[in-house]
Amino acid sequence: MFASISFNEIGNIHPVDECFSVNTRLYLVWTPSPSEGGVSALSEHIAKANAECWSHVSLSEVEIADLSSKISIPRISFAGASDINIKDPVCICVYDRNGGFLMWNESYTMSFK
């Protein structure tokens with residue numbers, strides 16, 4: 001698994017209270033494990049991307065729920081965050097390159113103290 005985090009804005013900095021907030025987007029990229037069916041668990045979505053001549057396909061909420069019942073989706077936590085607000089729904093894309101893989105991303109506003 002590969003992870004990347006993009007910090008878009010740091011604000012509400014309070015030196016006396018020693019706290020701040022940050023807007024961020026987290027990206028995770030991985031291939032399902034062989035015990036979960038590996039890339040074959042993604043084959044329907046890869047075929048859809050190929051049929052449309054796309055390099056990837058974004059999954060709908062229903063497709064994400066279905067895929068989540070077949071493979072493990074990582075659970076995310078942020079050490080030290082006193083408050084976490086999800087800014088938009090999770091997005092999962094299936095890519096056909098390099099044998100097939102998933103990219104998960106979600107945006108947060110977090111407060112740290």
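Remarks
- Residues located in the stretch 87-101, provided they are touching a strand residue (DSSP E or B) at 6+ places or on another chain (Cβ under 6 Å) and surrounded by 11 or more Cβ atoms within 10 Å (Cβ to Cβ): LYS87, VAL90, CYS91, ILE92, CYS93, VAL94, TYR95, PHE101
- Number of positions in the stretch 79-113 that are closer than 20 Å to ILE5 by Cβ and under 14 Å from the mean Cα position of the chain (by Cα): 17
- Cross-chain or 6+ apart pairs with Cβ under 9 Å, the stretch 83-97 first and among the hydroxyl-bearing types (Ser, Thr, Tyr), then part of a strand (DSSP E or B): TYR95/VAL29; TYR95/HIS56; TYR95/VAL57; TYR95/PHE101; TYR95/LEU102; TYR95/MET103
- For the stretch 58-113, the tally of residues that are part of a loop (DSSP other than H, G, I, E, B) and closer than 30 Å to CYS19 by Cα stands at 12.
Residues checked against (1) assigned to a strand (DSSP E or B); (2) at pLDDT 85 or above; (3) under 18 Å from the mean Cα position of the chain (by Cα):
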{"position": "VAL16", "(1), (2), (3)": "no, yes, no"}
{"position": "PRO32", "(1), (2), (3)": "no, no, yes"}
{"position": "SER40", "(1), (2), (3)": "no, no, no"}
{"position": "CYS53", "(1), (2), (3)": "no, no, no"}
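The values are calculated or read from the model by the stated rules, or taken from the named source; none is laboratory data. This structure is a prediction, so every number in the text was calculated from the model and none was measured. Cβ atoms come from the backbone with ideal geometry, glycine included; neighbour counts cover every protein chain shown.
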